[in-house]
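Beneath this line is the structure, given in structure tokens, with notes to follow.
The values are calculated or read from the model by the stated rules, or taken from the named source; none is laboratory data. Everything quoted here is computed from the prediction, not taken from an experiment. As a convention, Cβ positions derive from the backbone with ideal geometry for all residues, glycine included, and neighbour counts pool all protein chains shown. The accessibility values were calculated without ligands, DNA or RNA, using every heavy atom of the protein model including side chains. Shrake-Rupley method; radii C 1.70, N 1.55, O 1.52, S 1.80 Å.
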Amino acid sequence: MTFRDVRSAVWGPVSLRPNFWDLAALLLLVGAMVLVVYGGEQTIAPLSELERTPVSLDPANLAYYALRTTMRMLLAIVCSTIFTFVYATVAAKSRRAEMVLIPMLDILQSVPILGFLTFTVVFFMNLFPGRVLGAEFACVFAIFTSQAWNMTFSMYQSLRNVPKDLDEATASFHLSGWQRFWRLDVPFAMPGLIWNAMMSMSGGWFFVVASEAITVGSTTVTLPGVGSYVATAIEQKNLPAIGYALLTMLIVIIAYDQLLFRPIVAWADKFRFEQTASGEAPTSWMLDLFRRTRALRALTYPLAMANKAISTMRISWPVALRPSGKPGQHSRVVDGIWITLIVAAASYAAWLAYQFLSASLGLSDVVDAIGDGLVTLLRVIVLIALASLIWVPVGVSIGLRPKLAERIQPLAQFLAAFPANLAFPVFVVLIVRFHLDPNVWLSPLMILGTQWYILFNVIAGAAAFPTDLREAASSLHLGGWRWWVKVVLPGIFPYYVTGAITASGGSWNASIVAEVASWGDTHLVATGLGAYIAHATEAGDFPRVVLGIVVMCILVTLFNRLLWRPLYAFGERRLRLG
């Protein structure tokens, strides 16, 4: 086809003539822009406006609250995506950067959201004194901390497991680092990244109560939103209001699933790694609508050309991010210097933490925190094992059936978004009524922050599983346990490990709200590090907050290094496609 043909096909009078689908798409776009502008105007109001208009349990306000919450979560997911592309790429491409960035990521995902809030609320509010915008940024940052880590782990895993034959193809085409990133790395990582983005949105809902109703010492900020609505309903023991909040969450999740995630899933199906055509392709009415537009698609042609021009630029990565061969003597010397710097920086940070903690805490406080941490660690291990036994088979069944995944997708997002706080009434009433032990029966609340990371990553792994390998297994008549052990489990293993790593961090974060349950004036407390940090945060006891976070980071990092990282390395060596 000549350039003239392309130009006439895109810019000709027939293509520019709007059709019915253009009108429908235009209405959707204009409606979205109006909502964004309306919600954004409220963020520049004076901070005193929050005191004059406190959160009301009137259901009529839930539409406005849902808009504010959704805007915060969408902004946080955009920030998480940018962070993921930069952080995961540097960690995957540079061996020396990986020595620092991946342990740091283990630490970051294990720091509870209350730990971030404790030290960031005042900072962001001082950036915009007297304005709601400062509190909004603090809330968005808190939601970001519940979204970014699993997306980063997912992309890092994908970049480290690119099939070898695709690596060789990019080398034979002499692609630059920049071209390889956009032509190979990002497309290969896309299926898993999308499912983890869905999980991140749900994770944002899970912690939205703590993000919008912030109490740190004497500082109290309550932003209008579904999370603060839920917190007020729990405080007032208003069951109908909790029901209204759940219905609103369900409607919002279905809306952004249909308008955002399902079109992206259907679009990204073309990036699956396989040599044969997919048997069943996911569909999306929203994607079909925009594909049927005429004038709108023609108007986006310059953007498509700009995107193609940028992604094909021959930009080479810095030397530190280029793949290297066998390390030589010079490389070993540089590695030694680099490791020495890392150890020195870690030792200095440990010394600063020791000086800060030793000024007000003693050895008995450290022993108490470690003891509580071991109790929570035991809960995490048990819950991850149970979640794996339940959700790995379910996730495989869903991921291998795109049509079933389309129907299950919004339900899974809603269940993953279900805040543990809304389950408090049932658990508190049952525990008090039957005189049960909170140390045992509050533990199931933690699984709400555990199982979904495993489920979504297993679904992503099964959805990305090559159809030709499934057909080969079928032709060899592999079935039953042999099919699971020889075919599916090795294929999804890297995705499962990624889900389990993030599930560990999710469980530790969930312990903050799961080990301290309240319903009105009734308060139940389970022994554990989550309850330790929650009480210290509520009291504004910063030394104990720091101690609890340090112990949590150490336990999570050791657990990941001793168990999940060896399994991760095994998956890279033995279970890599290609």
> Would segment 69-88 turn up any residue that is outside any helix (DSSP H, G or I) and either buried (at least 16 other Cβ atoms within 10 Å of the Cβ) or of a type outside the set (Ser, Thr, Tyr) (or both)?
Replying inline: no
> For segment 231-267, how many residues are in contact with a strand residue (DSSP E or B) (Cβ under 8 Å, 6 or more places away or on another chain) and among the hydrophobic types (A, V, I, L, M, F, W, C)?
Replying inline: 2
> Any chance segment 48-63 includes a residue that's at pLDDT 90 or above, surrounded by 11 or more Cβ atoms within 10 Å (Cβ to Cβ) and small (Gly, Ala, Ser)?
Replying inline: yes
> Given the conditions (1) basic (Lys, Arg); (2) open to solvent by less than 60 Å² (accessible area, probe 1.4 Å); (3) modelled with pLDDT under 80, which single one is not true for Arg565?
Replying inline: (3)
> What residue, of Ser518, Ser511, is under 30 Å from Gly204 (Cβ atoms), hydroxyl-bearing (Ser, Thr, Tyr) and not in a helix (DSSP H, G or I)?
Replying inline: Ser518
> Is one or more of the residues making up segment 501-508 of a type in the set (Ser, Thr, Tyr) and open to solvent by 10 Å² or more (accessible area, probe 1.4 Å)?
Replying inline: no
>> Being in contact with a Leu (Cβ under 7 Å, 6 or more places away or on another chain) and farther than 21 Å from Asp372 by Cβ is the requirement here; does Phe427 meet it?
In response: no
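So which helices (runs of 4 or more DSSP H) are wholly in segment 394-500 and hold at least 1 residues that are of a type outside the set (D, E, K, R), in contact with a His (Cβ under 9 Å, 6 or more places away or on another chain) and open to solvent by less than 30 Å² (accessible area, probe 1.4 Å)?
On the way: elements: 402-417, 424-433, 438-441, 451-463, 467-475, 480-483.
Of the helices (runs of 4 or more DSSP H) lying wholly inside segment 394-500, those with at least 1 residues that are of a type outside the set (D, E, K, R), in contact with a His (Cβ under 9 Å, 6 or more places away or on another chain) and open to solvent by less than 30 Å² (accessible area, probe 1.4 Å) span 424-433.
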> So, of the residues in segment 374-391 that are among the β-branched types (Val, Ile, Thr) and open to solvent by less than 20 Å² (accessible area, probe 1.4 Å), which turns out to be farthest from Trp484 (Cα to Cα)?
Replying inline: Thr376
>> Can you say whether Leu127 is touching a Ser or Thr at 6+ places or on another chain (Cβ under 7 Å) and without any contact (Cβ under 8 Å) to a residue 60 or more places away in the chain, as far as the supplied structure shows?
In response: no
> Restricting the first residue to segment 405-417 and requiring it to be in contact (Cβ under 8 Å) with a residue 12 or more places away in the chain, which pairs with a second residue that is β-branched (Val, Ile, Thr) and surrounded by fewer than 18 Cβ atoms within 10 Å (Cβ to Cβ) meet a Cβ separation below 9 Å and a spacing of at least six or different chains?
Replying inline: Glu406/Thr283; Pro410/Ile254; Gln413/Ile254; Phe414/Ile254
>> Condition first: more than 16 Å from Phe427 (Cβ to Cβ), open to solvent by 30 Å² or more (accessible area, probe 1.4 Å), not aromatic (Phe, Trp, Tyr) and not in a loop (DSSP other than H, G, I, E, B). Now tell me which residues in segment 521-542 satisfy that.
In response: His535, Glu538, Ala539
> Residues Ala472, Ala500: which one is closer than 22 Å to Ala417 by Cα and either free of Cβ contacts under 8 Å to residues at least 60 places away in the same chain or under 25 Å from the mean Cα position of the chain (by Cα) (or both)?
Replying inline: Ala500
>> Exactly one condition in (1) at pLDDT below 85; (2) more than 22 Å from Tyr453 (Cα to Cα) is false for Tyr348; which is it?
In response: (1)
>> Could you check segment 127-148 and list, in sequence order, the residues that are open to solvent by less than 20 Å² (accessible area, probe 1.4 Å) and within 27 Å of Leu105 (Cβ to Cβ)?
In response: Glu136, Ala138, Cys139, Val140, Ala142, Ile143, Thr145, Ser146, Gln147, Ala148
